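Some notes on the structure that comes next.
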Amino acid sequence: MRLFAIRDYRHLFSAQVIALFGTGLATVALGLLAYELAGPDAGAVLGTALTIKMVMYVLIAPLAAAYVDRLPRRTFLTLLDAVRAGVVLALPFVTEVWHIYVLIGLLQAASAAFTPTFQAVIPDIVTEESDYTRALSASQVAYTMESLLSPVLAAVALTFITFDLLFIGTSIGFAASALLVLATRIPNARPSARTGAWDRVASGIRAFAATPRLRGVMALNLVVAAAGSIVVVNTVNHVRDRLGGTQADVAWMLAASGGGTLLVALALPRVLDRLADRAVMTTGAGVLVAGTAAAVAMTATGLASWAATAAVWAAIGGGMALIVTPTGRVIRASAPRDGLPAAFAAQFSLSHLAWLVTYPIAGWIGTSAGFTLAWSLLAALAAAGAAAALALWPREAGAVARTGDAPAGGPGTPEGAEASEGSRTPGTSGTPGTLRASGAPGALALREEAGSAEGTLAAGQCACTRPV
(Lines give C-alpha, C1' and ligand atoms only; values in the text may rest on other atoms or scores of the structure.)
Protein backbone atom coordinates (compact mmCIF):
# COMPACT_ATOMS: atom_id res chain seq x y z
CA MET A 1 0.00 0.00 0.00
CA ARG A 2 1.54 3.30 -1.12
CA LEU A 3 0.33 5.07 1.99
CA PHE A 4 2.51 2.98 4.28
CA ALA A 5 5.52 3.60 2.08
CA ILE A 6 5.53 7.10 3.59
CA ARG A 7 8.00 6.64 6.45
CA ASP A 8 6.72 9.38 8.73
CA TYR A 9 3.10 8.37 8.30
CA ARG A 10 4.06 4.77 9.05
CA HIS A 11 5.66 5.87 12.32
CA LEU A 12 2.70 8.02 13.32
CA PHE A 13 0.19 5.33 12.43
CA SER A 14 2.17 2.81 14.50
CA ALA A 15 2.23 5.25 17.41
CA GLN A 16 -1.53 5.67 17.11
CA VAL A 17 -2.19 1.93 17.04
CA ILE A 18 0.04 1.18 20.02
CA ALA A 19 -1.43 4.00 22.11
CA LEU A 20 -4.96 2.94 21.12
CA PHE A 21 -4.45 -0.63 22.25
CA GLY A 22 -2.97 0.58 25.51
CA THR A 23 -5.96 2.85 26.01
CA GLY A 24 -8.32 -0.01 25.20
CA LEU A 25 -6.77 -2.12 27.94
CA ALA A 26 -7.11 0.80 30.36
CA THR A 27 -10.78 1.25 29.46
CA VAL A 28 -11.53 -2.33 30.49
CA ALA A 29 -9.37 -2.02 33.61
CA LEU A 30 -10.99 1.27 34.66
CA GLY A 31 -14.44 -0.28 34.65
CA LEU A 32 -13.22 -3.21 36.72
CA LEU A 33 -11.38 -0.88 39.11
CA ALA A 34 -14.59 1.10 39.60
CA TYR A 35 -16.47 -2.14 40.30
CA GLU A 36 -13.87 -3.23 42.86
CA LEU A 37 -14.03 0.08 44.72
CA ALA A 38 -17.77 0.77 44.44
CA GLY A 39 -19.52 -2.52 43.60
CA PRO A 40 -23.12 -1.82 42.50
CA ASP A 41 -22.29 1.89 42.32
CA ALA A 42 -19.57 1.28 39.73
CA GLY A 43 -21.70 2.82 36.99
CA ALA A 44 -21.94 6.11 38.89
CA VAL A 45 -18.18 6.11 39.53
CA LEU A 46 -17.40 5.32 35.91
CA GLY A 47 -19.92 7.88 34.72
CA THR A 48 -18.29 10.55 36.87
CA ALA A 49 -14.80 9.64 35.68
CA LEU A 50 -15.89 9.77 32.06
CA THR A 51 -17.73 13.04 32.65
CA ILE A 52 -14.47 14.52 33.94
CA LYS A 53 -12.85 13.24 30.77
CA MET A 54 -15.42 15.00 28.60
CA VAL A 55 -15.09 18.27 30.52
CA MET A 56 -11.35 18.22 29.85
CA TYR A 57 -11.89 17.49 26.17
CA VAL A 58 -14.50 20.22 25.73
CA LEU A 59 -12.43 22.88 27.49
CA ILE A 60 -8.84 22.03 26.60
CA ALA A 61 -8.96 20.67 23.05
CA PRO A 62 -10.05 23.95 21.40
CA LEU A 63 -7.35 25.87 23.28
CA ALA A 64 -4.73 23.35 22.22
CA ALA A 65 -5.85 23.66 18.60
CA ALA A 66 -5.75 27.46 18.90
CA TYR A 67 -2.11 27.50 19.97
CA VAL A 68 -0.81 24.41 18.14
CA ASP A 69 0.90 26.51 15.47
CA ARG A 70 3.02 28.20 18.14
CA LEU A 71 4.52 25.01 19.59
CA PRO A 72 7.20 22.56 18.42
CA ARG A 73 4.76 19.75 17.70
CA ARG A 74 7.09 16.76 18.02
CA THR A 75 8.37 17.86 21.43
CA PHE A 76 4.87 18.70 22.61
CA LEU A 77 3.43 15.33 21.54
CA THR A 78 6.29 13.44 23.17
CA LEU A 79 5.85 15.31 26.45
CA LEU A 80 2.10 14.61 26.49
CA ASP A 81 2.69 10.90 25.87
CA ALA A 82 5.14 10.83 28.77
CA VAL A 83 2.59 12.50 31.05
CA ARG A 84 -0.08 9.97 30.06
CA ALA A 85 2.29 7.06 30.65
CA GLY A 86 3.09 8.30 34.15
CA VAL A 87 -0.51 8.95 35.15
CA VAL A 88 -1.76 5.55 33.97
CA LEU A 89 1.05 3.87 35.84
CA ALA A 90 -0.33 5.37 39.07
CA LEU A 91 -3.89 4.06 38.61
CA PRO A 92 -3.24 0.52 39.97
CA PHE A 93 -2.26 2.04 43.33
CA VAL A 94 -5.46 4.01 44.01
CA THR A 95 -7.42 3.10 47.12
CA GLU A 96 -10.17 5.74 47.07
CA VAL A 97 -12.71 6.71 44.45
CA TRP A 98 -11.56 10.34 44.47
CA HIS A 99 -8.08 9.17 43.46
CA ILE A 100 -9.61 7.93 40.21
CA TYR A 101 -11.17 11.30 39.55
CA VAL A 102 -7.92 13.22 40.06
CA LEU A 103 -5.83 10.90 37.90
CA ILE A 104 -8.46 10.72 35.16
CA GLY A 105 -8.55 14.53 35.12
CA LEU A 106 -4.77 14.71 34.60
CA LEU A 107 -4.77 11.91 32.03
CA GLN A 108 -7.56 13.37 29.95
CA ALA A 109 -6.16 16.90 30.09
CA ALA A 110 -3.04 15.53 28.41
CA SER A 111 -5.12 13.52 25.93
CA ALA A 112 -7.28 16.55 25.11
CA ALA A 113 -4.15 18.49 24.14
CA PHE A 114 -2.55 15.52 22.36
CA THR A 115 -5.41 14.57 20.06
CA PRO A 116 -5.92 17.76 18.01
CA THR A 117 -2.16 18.29 17.77
CA PHE A 118 -1.58 14.74 16.53
CA GLN A 119 -4.44 14.98 14.06
CA ALA A 120 -3.17 18.24 12.61
CA VAL A 121 0.15 16.59 11.75
CA ILE A 122 -1.30 14.06 9.31
CA PRO A 123 -2.18 16.36 6.38
CA ASP A 124 1.34 17.83 6.53
CA ILE A 125 2.74 14.34 5.95
CA VAL A 126 0.09 12.77 3.69
CA THR A 127 -0.44 15.40 1.00
CA GLU A 128 -1.98 13.42 -1.86
CA GLU A 129 -5.79 13.37 -1.97
CA SER A 130 -6.06 9.63 -2.63
CA ASP A 131 -3.54 8.82 0.09
CA TYR A 132 -5.34 11.06 2.56
CA THR A 133 -8.61 9.25 1.90
CA ARG A 134 -6.86 5.95 2.57
CA ALA A 135 -5.36 7.43 5.74
CA LEU A 136 -8.88 8.20 6.96
CA SER A 137 -9.92 4.59 6.37
CA ALA A 138 -6.74 3.17 7.90
CA SER A 139 -7.17 5.24 11.02
CA GLN A 140 -10.79 4.20 11.40
CA VAL A 141 -9.82 0.54 10.96
CA ALA A 142 -7.24 1.07 13.72
CA TYR A 143 -9.94 2.40 16.03
CA THR A 144 -12.30 -0.44 15.20
CA MET A 145 -9.61 -3.09 15.55
CA GLU A 146 -8.78 -1.63 18.94
CA SER A 147 -12.43 -1.73 20.01
CA LEU A 148 -12.58 -5.38 19.00
CA LEU A 149 -9.17 -6.73 19.96
CA SER A 150 -8.41 -4.75 23.12
CA PRO A 151 -11.30 -6.33 25.06
CA VAL A 152 -10.31 -9.74 23.66
CA LEU A 153 -6.71 -9.24 24.76
CA ALA A 154 -7.96 -8.02 28.12
CA ALA A 155 -10.20 -11.08 28.48
CA VAL A 156 -7.31 -13.42 27.74
CA ALA A 157 -4.96 -11.50 30.04
CA LEU A 158 -7.49 -11.52 32.88
CA THR A 159 -7.39 -15.29 32.79
CA PHE A 160 -3.81 -15.14 34.09
CA ILE A 161 -3.37 -11.74 35.77
CA THR A 162 -5.33 -9.23 37.81
CA PHE A 163 -6.91 -6.25 36.07
CA ASP A 164 -4.57 -3.69 37.65
CA LEU A 165 -1.71 -5.03 35.54
CA LEU A 166 -3.62 -3.90 32.44
CA PHE A 167 -2.77 -0.33 33.40
CA ILE A 168 0.90 -1.22 33.04
CA GLY A 169 0.21 -2.30 29.46
CA THR A 170 -1.36 1.08 28.81
CA SER A 171 1.68 2.89 30.23
CA ILE A 172 3.99 0.85 28.01
CA GLY A 173 1.82 1.74 25.02
CA PHE A 174 2.11 5.46 25.69
CA ALA A 175 5.89 5.18 26.15
CA ALA A 176 6.22 3.32 22.84
CA SER A 177 4.05 5.97 21.17
CA ALA A 178 6.38 8.69 22.47
CA LEU A 179 9.43 6.92 21.01
CA LEU A 180 7.77 6.58 17.61
CA VAL A 181 6.78 10.25 17.62
CA LEU A 182 10.39 11.16 18.39
CA ALA A 183 11.47 9.10 15.37
CA THR A 184 9.10 11.01 13.07
CA ARG A 185 9.98 14.13 11.10
CA ILE A 186 7.14 16.47 12.04
CA PRO A 187 7.16 19.96 10.53
CA ASN A 188 6.02 22.78 12.74
CA ALA A 189 2.60 24.16 11.90
CA ARG A 190 2.11 27.09 9.58
CA PRO A 191 1.13 30.18 11.56
CA SER A 192 -2.59 30.87 11.51
CA ALA A 193 -3.95 34.11 10.13
CA ARG A 194 -6.06 34.43 13.26
CA THR A 195 -4.26 36.17 16.11
CA GLY A 196 -6.70 35.99 19.02
CA ALA A 197 -7.15 32.74 20.93
CA TRP A 198 -10.90 33.20 21.24
CA ASP A 199 -11.15 34.02 17.53
CA ARG A 200 -9.39 30.75 16.73
CA VAL A 201 -11.57 28.73 19.07
CA ALA A 202 -14.82 30.31 17.96
CA SER A 203 -14.12 30.19 14.22
CA GLY A 204 -14.65 26.44 14.00
CA ILE A 205 -17.89 26.60 16.00
CA ARG A 206 -19.14 29.41 13.75
CA ALA A 207 -18.41 27.23 10.73
CA PHE A 208 -20.53 24.43 12.21
CA ALA A 209 -23.38 26.81 12.97
CA ALA A 210 -23.33 28.28 9.45
CA THR A 211 -23.10 25.09 7.38
CA PRO A 212 -26.17 22.81 7.07
CA ARG A 213 -24.28 19.54 6.76
CA LEU A 214 -22.11 20.41 9.76
CA ARG A 215 -25.22 21.19 11.77
CA GLY A 216 -26.35 17.71 10.80
CA VAL A 217 -23.05 16.30 12.07
CA MET A 218 -23.63 18.03 15.41
CA ALA A 219 -27.01 16.30 15.74
CA LEU A 220 -25.50 12.94 14.79
CA ASN A 221 -22.89 13.39 17.53
CA LEU A 222 -25.76 13.19 20.02
CA VAL A 223 -27.03 9.94 18.47
CA VAL A 224 -23.59 8.35 18.75
CA ALA A 225 -23.11 9.50 22.34
CA ALA A 226 -26.55 8.37 23.48
CA ALA A 227 -26.11 4.85 22.15
CA GLY A 228 -22.41 4.55 22.97
CA SER A 229 -22.88 5.55 26.61
CA ILE A 230 -24.98 2.45 27.21
CA VAL A 231 -22.09 0.26 26.12
CA VAL A 232 -19.22 2.23 27.66
CA VAL A 233 -20.74 2.99 31.07
CA ASN A 234 -23.23 0.21 31.79
CA THR A 235 -21.58 -2.92 30.41
CA VAL A 236 -19.68 -3.72 33.60
CA ASN A 237 -22.75 -3.64 35.87
CA HIS A 238 -25.02 -5.25 33.27
CA VAL A 239 -22.66 -8.19 32.80
CA ARG A 240 -21.58 -8.61 36.41
CA ASP A 241 -24.92 -7.96 38.19
CA ARG A 242 -27.62 -8.79 35.61
CA LEU A 243 -25.97 -11.62 33.70
CA GLY A 244 -23.76 -12.91 36.52
CA GLY A 245 -20.61 -12.75 34.41
CA THR A 246 -16.94 -12.51 35.30
CA GLN A 247 -14.32 -9.85 34.68
CA ALA A 248 -13.36 -11.59 31.45
CA ASP A 249 -17.02 -11.66 30.38
CA VAL A 250 -17.13 -7.86 30.62
CA ALA A 251 -14.26 -7.69 28.15
CA TRP A 252 -15.92 -10.18 25.78
CA MET A 253 -19.15 -8.18 25.75
CA LEU A 254 -17.24 -5.01 24.89
CA ALA A 255 -15.61 -7.02 22.11
CA ALA A 256 -19.08 -7.79 20.72
CA SER A 257 -19.65 -4.07 20.20
CA GLY A 258 -16.22 -3.75 18.65
CA GLY A 259 -16.97 -6.64 16.34
CA GLY A 260 -20.01 -4.83 14.96
CA THR A 261 -17.90 -1.73 14.41
CA LEU A 262 -15.18 -3.71 12.64
CA LEU A 263 -17.51 -5.48 10.21
CA VAL A 264 -19.11 -2.22 9.16
CA ALA A 265 -15.83 -0.31 8.93
CA LEU A 266 -14.31 -2.93 6.62
CA ALA A 267 -17.24 -2.63 4.22
CA LEU A 268 -17.58 1.15 4.30
CA PRO A 269 -14.77 2.29 1.95
CA ARG A 270 -16.49 0.71 -1.06
CA VAL A 271 -19.91 1.79 0.14
CA LEU A 272 -18.76 5.40 0.42
CA ASP A 273 -17.56 5.25 -3.18
CA ARG A 274 -21.17 4.66 -4.25
CA LEU A 275 -23.37 6.35 -1.66
CA ALA A 276 -23.46 9.90 -0.34
CA ASP A 277 -22.08 10.51 3.13
CA ARG A 278 -25.48 11.78 4.29
CA ALA A 279 -27.21 8.55 3.29
CA VAL A 280 -24.66 6.40 5.11
CA MET A 281 -24.62 8.53 8.26
CA THR A 282 -28.40 8.86 8.59
CA THR A 283 -28.67 5.09 8.10
CA GLY A 284 -26.27 4.75 11.03
CA ALA A 285 -28.53 7.01 13.07
CA GLY A 286 -31.47 4.72 12.32
CA VAL A 287 -29.46 1.68 13.42
CA LEU A 288 -28.51 3.37 16.70
CA VAL A 289 -32.08 4.44 17.43
CA ALA A 290 -33.20 0.85 16.86
CA GLY A 291 -30.33 -0.44 19.01
CA THR A 292 -31.15 1.79 21.97
CA ALA A 293 -34.84 0.89 21.67
CA ALA A 294 -33.89 -2.80 21.73
CA ALA A 295 -31.76 -2.21 24.82
CA VAL A 296 -34.72 -0.56 26.59
CA ALA A 297 -37.02 -3.44 25.63
CA MET A 298 -34.44 -5.94 26.85
CA THR A 299 -34.09 -4.39 30.30
CA ALA A 300 -37.76 -3.43 30.71
CA THR A 301 -39.00 -6.97 30.06
CA GLY A 302 -36.29 -8.63 32.11
CA LEU A 303 -35.43 -10.85 29.16
CA ALA A 304 -31.78 -9.87 29.02
CA SER A 305 -29.58 -12.75 27.95
CA TRP A 306 -26.04 -13.18 26.71
CA ALA A 307 -27.18 -13.58 23.10
CA ALA A 308 -29.59 -10.65 23.17
CA THR A 309 -27.06 -8.34 24.82
CA ALA A 310 -24.31 -9.30 22.37
CA ALA A 311 -26.63 -8.68 19.40
CA VAL A 312 -27.68 -5.24 20.68
CA TRP A 313 -24.10 -4.29 21.54
CA ALA A 314 -22.91 -5.37 18.06
CA ALA A 315 -25.68 -3.33 16.39
CA ILE A 316 -24.69 -0.26 18.39
CA GLY A 317 -21.05 -0.73 17.38
CA GLY A 318 -22.00 -1.02 13.72
CA GLY A 319 -24.25 2.04 13.83
CA MET A 320 -21.51 4.12 15.40
CA ALA A 321 -19.11 3.16 12.59
CA LEU A 322 -21.64 4.26 9.96
CA ILE A 323 -21.66 7.75 11.46
CA VAL A 324 -18.10 8.11 12.67
CA THR A 325 -16.23 6.97 9.55
CA PRO A 326 -17.51 9.57 7.04
CA THR A 327 -17.47 12.48 9.50
CA GLY A 328 -13.95 13.60 8.64
CA ARG A 329 -14.74 13.66 4.92
CA VAL A 330 -17.73 15.90 5.52
CA ILE A 331 -15.77 18.31 7.72
CA ARG A 332 -12.82 18.44 5.37
CA ALA A 333 -15.08 19.34 2.46
CA SER A 334 -16.86 22.03 4.46
CA ALA A 335 -14.04 24.20 5.80
CA PRO A 336 -11.52 26.53 4.16
CA ARG A 337 -7.95 25.34 4.02
CA ASP A 338 -6.73 27.60 6.82
CA GLY A 339 -9.83 26.86 8.90
CA LEU A 340 -9.52 23.08 9.00
CA PRO A 341 -7.68 22.84 12.36
CA ALA A 342 -10.36 25.01 13.97
CA ALA A 343 -13.16 23.02 12.31
CA PHE A 344 -11.79 19.68 13.49
CA ALA A 345 -11.15 21.06 16.96
CA ALA A 346 -14.76 22.26 17.02
CA GLN A 347 -15.97 18.78 16.07
CA PHE A 348 -13.77 17.28 18.74
CA SER A 349 -15.27 19.53 21.41
CA LEU A 350 -18.86 19.42 20.16
CA SER A 351 -18.86 15.63 19.90
CA HIS A 352 -17.48 15.28 23.40
CA LEU A 353 -20.00 17.81 24.64
CA ALA A 354 -22.65 15.30 23.57
CA TRP A 355 -20.90 12.58 25.60
CA LEU A 356 -20.79 15.02 28.52
CA VAL A 357 -24.60 15.00 28.44
CA THR A 358 -25.06 11.25 28.01
CA TYR A 359 -22.41 9.84 30.34
CA PRO A 360 -24.09 11.16 33.53
CA ILE A 361 -27.44 9.81 32.36
CA ALA A 362 -26.00 6.33 31.85
CA GLY A 363 -23.89 6.42 35.02
CA TRP A 364 -25.85 8.37 37.63
CA ILE A 365 -29.44 7.71 36.58
CA GLY A 366 -28.60 4.12 35.64
CA THR A 367 -27.27 3.55 39.16
CA SER A 368 -29.92 5.44 41.13
CA ALA A 369 -33.07 4.74 39.10
CA GLY A 370 -32.20 1.65 37.06
CA PHE A 371 -31.24 0.88 33.49
CA THR A 372 -34.78 1.04 32.12
CA LEU A 373 -35.22 4.74 32.88
CA ALA A 374 -31.65 5.68 31.96
CA TRP A 375 -31.71 3.80 28.66
CA SER A 376 -35.17 5.18 27.85
CA LEU A 377 -33.81 8.71 28.22
CA LEU A 378 -30.81 7.84 26.06
CA ALA A 379 -33.07 6.26 23.42
CA ALA A 380 -35.16 9.44 23.37
CA LEU A 381 -32.01 11.55 22.90
CA ALA A 382 -30.87 9.27 20.07
CA ALA A 383 -34.23 9.62 18.33
CA ALA A 384 -34.21 13.40 18.79
CA GLY A 385 -30.70 13.62 17.39
CA ALA A 386 -31.61 11.51 14.35
CA ALA A 387 -34.68 13.64 13.63
CA ALA A 388 -32.67 16.84 14.02
CA ALA A 389 -29.99 15.57 11.64
CA LEU A 390 -32.57 14.88 8.93
CA ALA A 391 -34.03 18.37 9.37
CA LEU A 392 -30.74 20.26 9.65
CA TRP A 393 -28.96 18.44 6.81
CA PRO A 394 -31.26 18.64 3.77
CA ARG A 395 -30.87 16.00 1.09
CA GLU A 396 -29.84 18.57 -1.49
CA ALA A 397 -26.93 19.55 0.75
CA GLY A 398 -25.80 15.96 1.12
CA ALA A 399 -23.22 15.99 -1.68
CA VAL A 400 -20.12 17.72 -0.42
CA ALA A 401 -18.04 19.93 -2.65
CA ARG A 402 -14.29 19.61 -2.19
CA THR A 403 -13.05 23.09 -1.51
CA GLY A 404 -9.59 24.42 -1.62
CA ASP A 405 -10.19 27.99 -0.55
CA ALA A 406 -13.65 28.40 0.96
CA PRO A 407 -16.24 26.20 2.57
CA ALA A 408 -19.41 25.45 0.73
CA GLY A 409 -22.22 26.91 2.70
CA GLY A 410 -19.81 28.08 5.37
CA PRO A 411 -19.28 31.54 6.73
CA GLY A 412 -19.46 34.09 4.00
CA THR A 413 -21.14 31.66 1.60
CA PRO A 414 -24.92 31.49 1.14
CA GLU A 415 -26.31 28.23 2.46
CA GLY A 416 -28.18 27.74 -0.76
CA ALA A 417 -24.87 27.67 -2.59
CA GLU A 418 -23.97 24.21 -1.36
CA ALA A 419 -23.24 21.87 -4.20
CA SER A 420 -25.80 19.18 -4.93
CA GLU A 421 -25.44 15.98 -6.87
CA GLY A 422 -26.90 17.53 -9.96
CA SER A 423 -24.84 20.70 -9.83
CA ARG A 424 -21.40 19.24 -10.38
CA THR A 425 -19.65 20.35 -13.52
CA PRO A 426 -19.11 17.28 -15.73
CA GLY A 427 -15.73 15.74 -15.42
CA THR A 428 -14.99 17.11 -11.99
CA SER A 429 -16.18 14.28 -9.78
CA GLY A 430 -13.37 12.92 -7.66
CA THR A 431 -10.66 15.04 -9.27
CA PRO A 432 -9.21 18.44 -8.49
CA GLY A 433 -10.75 21.11 -10.58
CA THR A 434 -13.76 23.37 -10.60
CA LEU A 435 -17.08 22.60 -9.03
CA ARG A 436 -20.03 24.88 -9.54
CA ALA A 437 -22.79 25.19 -6.98
CA SER A 438 -26.15 26.43 -8.04
CA GLY A 439 -29.34 27.06 -6.13
CA ALA A 440 -28.49 30.55 -4.86
CA PRO A 441 -28.56 33.86 -6.67
CA GLY A 442 -25.52 33.59 -8.91
CA ALA A 443 -23.54 30.39 -9.29
CA LEU A 444 -20.64 30.07 -6.92
CA ALA A 445 -17.47 28.56 -8.33
CA LEU A 446 -15.52 26.48 -5.88
CA ARG A 447 -11.96 25.67 -6.75
CA GLU A 448 -9.82 22.87 -5.43
CA GLU A 449 -6.13 23.10 -6.17
CA ALA A 450 -4.40 19.90 -7.20
CA GLY A 451 -2.24 18.41 -4.52
CA SER A 452 -3.62 20.63 -1.76
CA ALA A 453 -4.87 17.83 0.44
CA GLU A 454 -5.48 19.61 3.71
CA GLY A 455 -7.29 18.53 6.81
CA THR A 456 -7.08 16.54 9.92
CA LEU A 457 -7.25 12.81 10.44
CA ALA A 458 -10.94 12.12 10.74
CA ALA A 459 -10.84 9.04 12.82
CA GLY A 460 -8.95 10.92 15.42
CA GLN A 461 -11.87 13.24 15.43
CA CYS A 462 -13.87 10.18 15.59
CA ALA A 463 -12.28 9.44 18.57
CA CYS A 464 -13.61 12.65 18.16
CA THR A 465 -16.88 11.20 18.10
CA ARG A 466 -16.02 8.03 19.65
CA PRO A 467 -14.49 8.24 23.13
CA VAL A 468 -11.47 6.23 23.96
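The values are calculated or read from the model by the stated rules, or taken from the named source; none is laboratory data. A quick note: this is a predicted structure, and the numbers were derived from the prediction, not measured. We place every Cβ from the backbone using ideal geometry, glycine too, and count neighbours over all the protein chains shown. Accessible surface areas use protein heavy atoms only, side chains included; no ligands, DNA or RNA. Shrake-Rupley method; radii C 1.70, N 1.55, O 1.52, S 1.80 Å.
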I'd like the accessible area for L243, computed on protein heavy atoms only with a 1.4 Å probe and all protein chains in place. Round to 10 Å², please.
30 Å²
What is the extension gain from A267 to T127, computed as 0.36 nm multiplied by their sequence separation minus the C-alpha to C-alpha distance, in nm to one decimal?
47.9 nm
Sorting T23, T211, T75 by accessible area (1.4 Å probe), largest first, what list results?
T75, T23, T211
Could you tell me, in Å, what Rg and Dmax come out for the Cα atoms of the stretch 175-315?
20.4, 58
Ranked highest first by the average count of other Cβ atoms within 10 Å around their residues, in what order do 97-108, 223-234 fall?
223-234, 97-108
Largest-first ellipsoid semi-axes for the stretch 232-380, taking √(5λ) over the Cα gyration tensor eigenvalues, angstrom:
31, 18, 13
Computed E for L179/A380 - FRET, C-beta separation, R0 60 angstrom, nearest 0.05:
0.85
Mean projected area in nm² (Cα convex hull; one quarter of hull surface) for the stretch 208-272
5.7 nm²
Counting each pair of different Cα atoms once, what's the Kirkwood radius of the stretch 1-68 in Å, rounded to one decimal?
14.8 Å
